[in-house]
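The values are calculated or read from the model by the stated rules, or taken from the named source; none is laboratory data. Note that this is a predicted model, so its numbers are computed, not measured. Here the Cβ is made from the backbone with ideal geometry for all residues, glycine too, and neighbour counts use every protein chain on show. The accessibility values were calculated without ligands, DNA or RNA, using every heavy atom of the protein model including side chains. Shrake-Rupley method; radii C 1.70, N 1.55, O 1.52, S 1.80 Å.
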Amino acid sequence: MSLTTAYQHKLAEKLTILNDRGQGVLIRMYNIKKTCSDPKSKPPFLLEKSMESSLKYINKKFPNIDVRNSTQHLGPVHREKAEIIRFLTNYYQSFVDVMEFRDHVYELLNTIDACQCHFDIGPLHSSDPSFARLGQMVLEYDHPLKKLTEEFGPHTKAVSGALLSLHFLFVRRNQGAEQWRSAQLLSLISSPPAMINPANSDTMACEYLSVEVMERWIIIGFLLCHGCLNSNSQCQQLWKLCLQGSLYITLIREDVLQVHKVTEDLFSSLKGYSKRVADIKESKEHAIANSHTLNISKILFCGEEGVLTALFAFMALSFIRDEVTWLVRHTENVTKTKTPEDYADSSIAELLFLLEEIRALVRRHIKVIQQYHVQYLARFDVLVLSDIIQNLSVCPEEESVIMSSFVSTLSSLNLKQVDNEEKFDFSGLRLDWFRLQVYTSVLKGPLHLHENPDLAKVMNLIIFHSQMLDSVEKMLVETSDLSIFCFHLRTFEKMFTMTLEEPSMLRYTIAFPLICAHFVHCTHEMCPEEYPHLKNHGLHHCNSFLEELAKQTSNCVLEICAEQRNLSEQLLPKHCATTISKAKNKKSMKQRQAPRKGEPERDKPGAESHRKNRSIVTNMDKLHLNLTELALAMNHVHSFTVFEHTIFPSEYLSSHLEARLNRAIVTLAGYNATTQEILRPSELLAGVKAYISFIQSLAQFLGADASRVVRNALLQQTQPLDSCGEQTVTTLYTNWYLESLLRQASSGAIVLSPAMQAFISLPRDGEQNFSAEEFSDISEMRALAEILGPYGMKFLSENLMWHVTSQIVELKKLVVENMDILVQIRSNFSKPDVMASLLPQLMGAENVLKRMTIIGVILSFRAMAQEGLQEVFSSHCPFLMGPIECLKEFVTPDTDIKVTLSVFELASAAGVSCDIDPALVAAIANLKADNSSPEEEYKVACLLLIFLAVSLPLLATDPSSFYSIEKDGYNNNIHCLTKAIIQVSAALFTLYNKNIETHLKEFLVVASVSLLQLGQETDKLKTRNRESISLLMRLVVEESPFLTLDMLESCFPYVLLRNAYREVSRAFYLNRLPASTH
């Protein structure tokens, strides 16, 4: 066939199109196979039992099916015809595409044979009318290899010639790692004088050609054109070498060809191939015995070399890709082996990491690469090419035009194009070079490329350099794409798990999620329905890998935090008691008997830092080492993209750290619902600070925003529930203080001591398992406020107020029951005779005092908590506390009540005490009234004060109502009554918009009269603690911002208070003297 015919047939264009279309058709067939093999995605009608007989009939009669006369067998098919057509149309068209593709390929092969093209891969690398034919093709290809060998027989010369041109390349790429190492294959420093020389190769495009691709060409090529194996020793040598390299080669996706079995089965059925069958068996034994060793050694070699140019970078990527893909397909398919470790490599993560590192280096320096190669093309390549063209002995017009365009295109390049970030496009130049290769490979053409190898060498060099300008990303995909993992997910996961178990490999684990970004490269435009599944695989595994890495890292961080907390806990003040005691009693201990032998001595803090032997590795050393490795992994990249999704590894770590820190803080509190045990707030705060200080020290190493993690975790702990719906320390401490401390305070087992500014436990048997003062003194309240913060303290306050309002509801009921009597008492409180008859009629007076005392205990605890909050807030935000206090001072009794409550609410949130408690006002306002009018509610509030005032003398009969100078209070907590009376009154009368001072004066007068009348009582039991009860009057005035001592003097003479103090003091000291002194 003439050169003119070669021009007309456009062989280059057809080869380019068919190569891509062949890949697309193959992927479509793969997708049909996967879809129909999965019951979830299989067309539903194929799963119906009614279809079974029809399917059997179709299989039996295919392709000659009489649709009209087979209604008995095809009845279900006719009924669901529309559904079947909808599902299977795409499948049918895909098989038609396969048939048409086959036709085009054979047509092209016949054209190539007719043109007698010379192949040298080294320099030349780059109801339908169809149903009858399609059905026939399906039948013919029932045994595909036999049919293909028949069809490819005429093309044996062309195919074998092309395969033989691979001999040199394939032998070199199959050398062992030791030979590569001795040849300094990827090293620039092996020959220092030549370091500045540009990297070059006579077979540039084949330097990074996949070994698996070459194996596929050789194995399948000689399978189809096997005649040359008996006639050509070189073909036989190349074929045997290829059989010794791999047990499996990839056909498409995870579908593989079991090389030796398939070849042996075919050759066994052919005459004259017994020697070849023996060669196959021998090669298989060699492959099983040696191939894994050879490839593992290559993997190690790939991890050693590190000095790279652009060419060396792509060669290294290609080598790594070859070894990884070999390992993956053999790990997945070699299942029956006595030595499975031969197909496992615990260091594979390092190789994957190096591959990603090289890719990142290329991308990072892409501008430098472009600057270098644009000058290389314009100042060197074009000159060499011009010289070669001029020295050609003959050059036809068409070839001359193409080569002139090469020179013209390259001559126009300059450095400014790179600086201006212009987009390069050399796809036309590369297609022209492909055309030129075709034209110069035709036997009858005047210009033969194999006679002018220099032209091929320089053009291949130019093609590579042009790809460095416009196709770097495509080159990265071509040389380092590991999307094979998308179809070997089990192996991928096993490799990741194995890497996590190897401490020295932890820093390379980030390579696994980065590899998931490769999955997008295995998509094809001819099979768009595959895209969502591939996307799901990529995102799911990237997510699971990062989740596991973040989990491992956060676990490691929290374990070190726990160790740091244990060290910090040794420095708590409570642990120094033993040391002080020993020092104090040192002399007496010497005088007594010596300590027992073997008695363990407690190490002092810091002892763990003393090392006699540095080789001894502690648990903390191991944790720090693991954390260093994991931190390097998580901090390796800021972000990367997987299927249009931008992934931030640091966000995974932040999320896990935040969740783990939340759980750790709750665990630190040590709350036990059964025994009602909990850690002291100050100890919890010390532990939390140890955790936080360590996490903050890691900020620059982890890549995560440590401040945000800590801030979010602590903020969540100030809420009732965290982001996972779990209880926080705010809920735990709120419940504990209400259910343990305040409940026992209400029952009299715990007493509020104003002198100590804490609740203290009374010595009683079996009622409590904790010391109240250890949980309620000033330092503990500060620590509680520090942990809970303003939000948590507000939650605590709201819960306290709920208990207060529940008591107020009961008090109102008691007032309503005694309404008539209280109205009379209010009118006749100064008439002893009338009072004598009215007071015995009151019901529940002791209950009123008890409930009011409970309210007082709760409000006293809240006041202590608010004081702790104020100190903490002043320490953290002094610039805010000043304006708040200043604003509060501007509030006067004449200020609008809404404004007053708004200001007080602000002040209360900062812990500042207010004359009127806004939280209590809001809580009482939210109580549902039982269809009563505001006037009735107001009347009940007034009578409640009267009820309290006339009930005070009853307290004198209680033995526990004795005033303790030591505690500055009473053992039955009645001193808390004063806070309850003042704050509840202020809240109630604020709510009803009445004058607070007027009603408190009324209470003072009625209470004074009631206590003065107690002086006339003759029953000593009723007056046993009269003096102590009298002191409540002064406490009421001291507690209230609305009352003064002058008001008290007008109704209760101060001399009575002075005498009461003297009598109480005298009785207190007398009780402390020994009995003999009396």
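Have a look at Glu871, Glu889, Glu846, Glu905 and point out the one that is modelled with pLDDT of 90 or more and farther than 20 Å from Val984 by Cα. Spell out the reasoning first.
Values: Glu889 fails: modelled with pLDDT of 90 or more; Glu846 fails: farther than 20 Å from Val984 by Cα; Glu905 fails: farther than 20 Å from Val984 by Cα.
Selected residue: Glu871, the only one of Glu871, Glu889, Glu846, Glu905 that is modelled with pLDDT of 90 or more and farther than 20 Å from Val984 by Cα.
Mind telling me which of the residues Phe168, Phe131 ends up being open to solvent by 50 Å² or more (accessible area, probe 1.4 Å), of a type in the set (A, V, I, L, M, F, W, C) and modelled with pLDDT of 70 or more? Steps first, answer last, please.
Numbers: Phe131 fails: modelled with pLDDT of 70 or more.
Testing whether each residue is open to solvent by 50 Å² or more (accessible area, probe 1.4 Å), of a type in the set (A, V, I, L, M, F, W, C) and modelled with pLDDT of 70 or more leaves just Phe168.
Which members of the stretch 605-615 meet the condition of being open to solvent by less than 100 Å² (accessible area, probe 1.4 Å) and of a type outside the set (Lys, Arg)? Talk me through it step by step, then tell me what you get.
Filtering the stretch 605-615 down to residues open to solvent by less than 100 Å² (accessible area, probe 1.4 Å) leaves 605-609, 611, 613, 615.
Within the stretch 605-615, Pro605, Gly606, Ala607, Glu608, Ser609, Asn613, Ser615 meet the criteria.
Only one of Glu357, Glu350 is crowded, with 20+ Cβ neighbours inside 10 Å and either within 26 Å of Ile515 (Cβ to Cβ) or in contact with a strand residue (DSSP E or B) (Cβ under 6 Å, 6 or more places away or on another chain) (or both). Can you tell me which?
Glu350
Please verify whether His638 is under 30 Å from Lys535 (Cα atoms), modelled with pLDDT of 90 or more and not in a helix (DSSP H, G or I), treating the condition exactly as stated.
Criteria met by His638.
Could you tell me whether Gln371 is within 30 Å of Arg321 (Cα to Cα) and surrounded by fewer than 18 Cβ atoms within 10 Å (Cβ to Cβ)?
Here the answer is yes, as Gln371 does meet what is asked.
Select from the stretch 865-884 the residues that are open to solvent by less than 70 Å² (accessible area, probe 1.4 Å) and either more than 41 Å from the chain's Cα centre (by Cα) or of a type in the set (Val, Ile, Thr) (or both) and list them in ascending order.
Val872, Gly882, Ile884
Pick from Leu742, Leu661, Leu738: which is open to solvent by 10 Å² or more (accessible area, probe 1.4 Å) and in a helix (DSSP H, G or I)?
Values: Leu742 fails: open to solvent by 10 Å² or more (accessible area, probe 1.4 Å); Leu661 fails: open to solvent by 10 Å² or more (accessible area, probe 1.4 Å).
Exactly one residue qualifies, and that residue is Leu738.
Filter the stretch 532-541 for residues that are surrounded by fewer than 19 Cβ atoms within 10 Å (Cβ to Cβ) and either farther than 26 Å from Asn90 by Cα or modelled with pLDDT under 90 (or both) and give the result.
Across the stretch 532-541, the qualifying residues are Leu539, His540.
Yes or no, residue by residue, for (1) surrounded by fewer than 22 Cβ atoms within 10 Å (Cβ to Cβ); (2) under 30 Å from Ser400 (Cα atoms); (3) not assigned by the TED database to the domain that holds Met403:
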residue	(1), (2), (3)
His450	yes, yes, no
Glu473	yes, no, no
Cys486	no, no, yes
Ser544	yes, no, yes
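Out of everything in the stretch 490-526 that is outside any helix (DSSP H, G or I) and touching a helix residue (DSSP H, G or I) at 6+ places or on another chain (Cβ under 9 Å), what residue ends up being farthest from Gly538 (Cα to Cα)?
Glu502
Hey, can you tell me all the residues within the stretch 910-962 that are surrounded by fewer than 20 Cβ atoms within 10 Å (Cβ to Cβ), aromatic (Phe, Trp, Tyr) and within 28 Å of Ser753 (Cα to Cα)?
Phe962
If we only count helices (runs of 4 or more DSSP H) wholly inside the stretch 993-1078, which ones have 2 or more residues that are within 23 Å of Ser827 (Cβ to Cβ) and open to solvent by 10 Å² or more (accessible area, probe 1.4 Å)?
Those helices (runs of 4 or more DSSP H) span 996-1014, 1045-1051.
Select from the stretch 667-695 the residues that are part of a helix (DSSP H, G or I) and open to solvent by 40 Å² or more (accessible area, probe 1.4 Å) and write down the one among them that is nearest to Met781 (Cα to Cα).
Here the answer is Lys689.
Somewhere in the stretch 242-258, is a residue assigned to a loop (DSSP other than H, G, I, E, B), open to solvent by less than 10 Å² (accessible area, probe 1.4 Å) and not acidic (Asp, Glu)?
Yes; the residues of the stretch 242-258 include at least one that is assigned to a loop (DSSP other than H, G, I, E, B), open to solvent by less than 10 Å² (accessible area, probe 1.4 Å) and not acidic (Asp, Glu).
What is the residue count in the stretch 159-175 for residues that are assigned to a helix (DSSP H, G or I) and more than 17 Å from Leu224 (Cα to Cα)?
Going through the stretch 159-175 one residue at a time, the tally reaches 7.
From the set of residues in the stretch 514-528 that are touching a Ser or Thr at 6+ places or on another chain (Cβ under 9 Å) and crowded, with 24+ Cβ neighbours inside 10 Å, which is nearest to Ile32 (Cα to Cα)?
Step by step, filter the stretch 514-528, then rank; the result is Phe519.
Residues checked against (1) assigned by the TED database to the domain that holds Leu679; (2) of a type outside the set (Gly, Ala, Ser); (3) at pLDDT 95 or above:
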residue	(1), (2), (3)
Leu702	yes, yes, no
Arg708	yes, yes, no
Asn712	yes, yes, no
Gln717	yes, yes, no
Cys724	yes, yes, no
Pro754	no, yes, no
Gly766	no, no, no
Lys794	no, yes, no
Glu798	no, yes, no
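Taking the stretch 1006-1043 as the search range and keeping residues that are in contact with a Lys or Arg (Cβ under 8 Å, 6 or more places away or on another chain), among the aliphatic types (A, V, I, L, M) and under 19 Å from Met835 (Cα atoms), which one is modelled with the highest pLDDT?
Val1006
For the structure I just gave you, tell me whether Ser740 is in contact with a Phe, Trp or Tyr (Cβ under 9 Å, 6 or more places away or on another chain) and small (Gly, Ala, Ser).
In short, yes.
I'm trying to understand the selection: among the residues of the stretch 895-909, which are under 16 Å from Pro883 (Cβ atoms) and open to solvent by less than 40 Å² (accessible area, probe 1.4 Å)?
Matches in the stretch 895-909: Val903, Phe904, Ala907, Ser908.
In the list Ser427, Ser408, which residue meets the criterion of being loosely packed, with under 14 Cβ neighbours inside 10 Å and more than 47 Å from the chain's Cα centre (by Cα)?
Working: Ser427 fails: more than 47 Å from the chain's Cα centre (by Cα).
Being loosely packed, with under 14 Cβ neighbours inside 10 Å and more than 47 Å from the chain's Cα centre (by Cα) holds for just one of Ser427, Ser408, which is Ser408.
From (1) within 20 Å of Ala910 (Cβ to Cβ); (2) outside any loop (DSSP other than H, G, I, E, B), pick out the condition that doesn't hold for Phe775.
Only one criterion is unmet by Phe775, namely (1).
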